[in-house]
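The values are calculated or read from the model by the stated rules, or taken from the named source; none is laboratory data. Predicted model only: the values in this text are computed from it and were never measured. Cβ: placed from backbone, ideal geometry, glycine included. Neighbour counts: every protein chain shown. Ligands, DNA and RNA are excluded from the accessible area calculation, which covers all protein heavy atoms including side chains. Shrake-Rupley method; radii C 1.70, N 1.55, O 1.52, S 1.80 Å.
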Amino acid sequence: MYRPFLEYLETELFRRFDLQSQPIPPGLERQVSDRGQTGATIQSWCYQCPELRKIRYTYIDGGAAAQVFNSVIYPAHCYDIPLLGIDLLSFGKKKILVVLDFQPLFRDAEYHRKYIEPMKAVRDRYNDLAQNLEMKFYDANQYFSKYLLFAKTDAETVKNRLMLAYQEYLDIYWQMLEQTEPLTDTADIDRIVKAQKDYDQYSAERDPASGLFSSYFGHEWSERFLYEFLFADAKPLAVSSKK
Ligand code: BLA
């Protein structure tokens, strides 16, 4: 159901950047489960290029029971622009939830003006996909912008409307990356390193997908996938509390 979104992203990335494949830890790149009605396959891709230090995306194909396309793009540490976050979910065809955002690293007004305000014009044209839904897992004020697309919707809207919004958001994101000046001061760069690391820690601890991964692929695999691939700069809680 979300394959066209994966393919569009992939085409854009290969067209615009000089991508290098990044290794995915053994056993995490692809996994097949026979649990659930139809089983499921999860597959991930990871790349980097000088402008983007980690580009990862994952597709879960669980037939009619689950279709998921999830991606995070982390800019190089010399760029303070937001991360690009994509989470498109469909469970049993009835529950379709789509999220797309430029995920801010900082919350001050200047940052907002530079990197979030440019989304407003697009977001205003897709008001129907920005439904102000309540967040149960995450804090909407942390790592989410006020112009995110976040909607409960249907397959028709995904195909006809979300795809257009998605293409426009991506366009603005590439533009933003092109226009941003690289930081050169070590202290400024260190601040981005820390902010991106904090994002991984926060996201790993809150990720609402860990139950989904566990139910298909087991708890152990799920923990590895979260901490060794999705949010590789996060430390598992038990480990970090010992330090
Ligand atoms: C919600 N994301 C969810 C849910 C699942 C996933 C299962 C809960 C749906 C529900 O029952 O309400 C799935 N999350 C995944 C998967 C991965 C993952 C499969 O990380 C990894 C492969 N989530 C993101 C990114 C964004 C994001 C990058 O991973 C940013 C756009 C947003 N997902 C997001 C939000 C919700 C969500 C805002 C709703 C959470 C809430 O209600 O608090």
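With the condition kept exactly as written, say whether any residue in the stretch 19-31 is among the aliphatic types (A, V, I, L, M), assigned to a strand (DSSP E or B) and within 16 Å of the ligand (Cβ to nearest atom).
No, because not a single residue in the stretch 19-31 is among the aliphatic types (A, V, I, L, M), assigned to a strand (DSSP E or B) and within 16 Å of the ligand (Cβ to nearest atom).
Please note which helices (runs of 4 or more DSSP H) are completely contained in the stretch 106-207 and include at least 1 residues that are within 12 Å of the ligand (Cβ to nearest atom), at pLDDT 95 or above and touching a helix residue (DSSP H, G or I) at 6+ places or on another chain (Cβ under 9 Å).
163-179, 186-206
Go through the stretch 61-80 and report how many residues are within 15 Å of Ser33 (Cβ to Cβ), in a strand (DSSP E or B) and small (Gly, Ala, Ser).
The qualifying residues number 2.
Which of the numbered conditions does Leu9 fail, given that it passes all the others? Conditions: (1) over 29 Å from Gly92 (Cα atoms); (2) surrounded by 15 or more Cβ atoms within 10 Å (Cβ to Cβ).
Only one criterion is unmet by Leu9, namely (1).
Considering only the stretch 227-243, I want to know if a residue exists there that is away from the ligand (no atom under 15 Å from the Cβ), open to solvent by less than 60 Å² (accessible area, probe 1.4 Å) and either among the β-branched types (Val, Ile, Thr) or touching a Phe, Trp or Tyr at 6+ places or on another chain (Cβ under 9 Å) (or both).
yes
Please tell me if Ser71 is closer than 30 Å to Thr184 by Cβ and either of a type in the set (Val, Ile, Thr) or open to solvent by less than 10 Å² (accessible area, probe 1.4 Å) (or both).
yes
Taking interchain pairs and intrachain pairs at least six residues apart, which have beta carbon atoms under 6 angstrom, with the first residue in the stretch 93-113 and in contact (Cβ under 8 Å) with a residue 12 or more places away in the chain and on the phi > 0 side of the Ramachandran plot and the second open to solvent by less than 10 Å² (accessible area, probe 1.4 Å) and away from the ligand (no atom under 12 Å from the Cβ)?
Short answer, once both residue conditions are applied: none.
Any residue in the stretch 124-137 that's open to solvent by 40 Å² or more (accessible area, probe 1.4 Å): show its pairings with residues that are of a type outside the set (A, V, I, L, M) and in a loop (DSSP other than H, G, I, E, B) at Cβ separation under 6 Å, as long as the two are six or more apart or on different chains.
Phe137/Pro208
Report yes if Ile42 is hydrophobic (A, V, I, L, M, F, W, C) and assigned to a strand (DSSP E or B), otherwise no.
yes
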